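Presented below is the structure to which this report refers.
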Amino acid sequence: MVTKAFAQTKTRLAQSGIESPEFEARVIFEELFGRNFGMDILMGRLDRVLSYEESARLESMISRRISGEPLQYIIGEWEFYGLGFKVGKGVLIPRQDTETLVDAALDLLKEVKQPKILDLCSGTGCIPVVLSYHLKDAQICAAELYEEAYGYLVANITNHGNKVKPCRLDVLDESSAEQFSGFDMITCNPPYLTGEDMSMLQKEVSYEPESALYGEDDGLKYYRVIPKIWRDSLCNGGYIVFEIGSAQAESVCDILKDCGYCDISVIKDFAGKDRIVYAKKY
């Protein structure tokens, strides 16, 4: 029976050490039976035996999750700022922490008409796609280097009927930066994990691409380069907005100051941790 299979799934996930077995079991069953799974159970509409195909798919999903594969990769989609984004091997999974960056960007641009925005290290495209959704008159470019991630970027832009322009380039290459100018804002969630962070990754996170996580031993590689080589891509008065690791605020602020930025500020995330640093170019 479906209800018995759901209970067994929760038990198996819990026994394997999954932190939120009931939530994850519900997500898996919603993927199998639809978003109304909970109501269908209450109304008795799923009071039946699973089909062979449903049983096989359920077992595959449970086995993948127990082995450590992220739930988001198994489902193939994850929500960010109220929108669904395709995810899978080779791309960073959108996280709630990054919604703080979107909030900051929207607030900074609320008085800017037809803003020009450039998102670097775009991955799934969650930042530029959401900004485009809320800023209908914005011109937005999204830059990503790696092939698998770029594929998800293009797919998510297409799925949301978005006007974001994808660009495949290396954000650490000065010749890339020289192609862009006149932007009101640059947003970036770069790789910022340290060598120590990488040595202590949760099993699920180890499935995500190292290229989207590792910022060299101190985690600051991208912060040292991007403010310097992309500065001329901003218009005067334009903002650069970074997501950061919770212990990196002071270092990133110092880098921005050394690169000639001003009005440098730090914003905390939903958990009260330093998460965003932004600054203005004069």
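Nothing in this text is a laboratory measurement; each read-out follows from the coordinates by a stated rule. Owing to the predicted nature of the structure, the values given are computational and were not obtained by experimental measurement. Note that each Cβ is placed from the backbone with ideal geometry, even for glycine, and that neighbours are counted across all protein chains shown.
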Counting only residues that are outside any strand (DSSP E or B) and in contact with a Ser or Thr (Cβ under 6 Å, 6 or more places away or on another chain), which one in region 265-282 is surrounded by the most Cβ atoms within 10 Å (Cβ to Cβ)?
-> Asp269
Can you name the condition, by its number, that Val266 falls short on among (1) touching a helix residue (DSSP H, G or I) at 6+ places or on another chain (Cβ under 6 Å); (2) under 30 Å from Gly17 (Cβ atoms); (3) without any contact (Cβ under 8 Å) to a residue 24 or more places away in the chain?
-> (2)
Hey, any hits in region 130-140 for a residue that's surrounded by fewer than 20 Cβ atoms within 10 Å (Cβ to Cβ), of a type in the set (Asp, Glu) and free of Cβ contacts under 8 Å to residues at least 12 places away in the same chain?
-> no
Take the residues in region 246-264 that are exposed (fewer than 15 other Cβ atoms within 10 Å of the Cβ) and among the small types (Gly, Ala, Ser), then tell me which one is farthest from Lys116 (Cα to Cα).
-> Ala247
Taking region 217-245 and keeping residues surrounded by fewer than 14 Cβ atoms within 10 Å (Cβ to Cβ) and in contact with a Lys or Arg (Cβ under 7 Å, 6 or more places away or on another chain) leaves Asn236, Gly237
Which condition breaks for Glu148 when tested against (1) farther than 19 Å from Lys280 by Cβ; (2) part of a loop (DSSP other than H, G, I, E, B); (3) of a type in the set (D, E, K, R)?
-> (2)
Would you point out the residue of region 184-205, among those that are in contact with an Asp or Glu (Cβ under 9 Å, 6 or more places away or on another chain) and of a type in the set (S, T, N, Q), that is surrounded by the fewest Cβ atoms within 10 Å (Cβ to Cβ)?
-> Thr194
Just checking, which of Lys257, Lys203 is out of contact with any helix residue (DSSP H, G or I) (no Cβ under 7 Å at 6 or more places or on another chain), in a loop (DSSP other than H, G, I, E, B) and of a type outside the set (Asp, Glu)?
-> Lys203
Considering each residue of region 55-78, count those that are in contact (Cβ under 8 Å) with a residue 12 or more places away in the chain, in contact with a Phe, Trp or Tyr (Cβ under 8 Å, 6 or more places away or on another chain) and surrounded by fewer than 18 Cβ atoms within 10 Å (Cβ to Cβ), and give that number.
-> 2
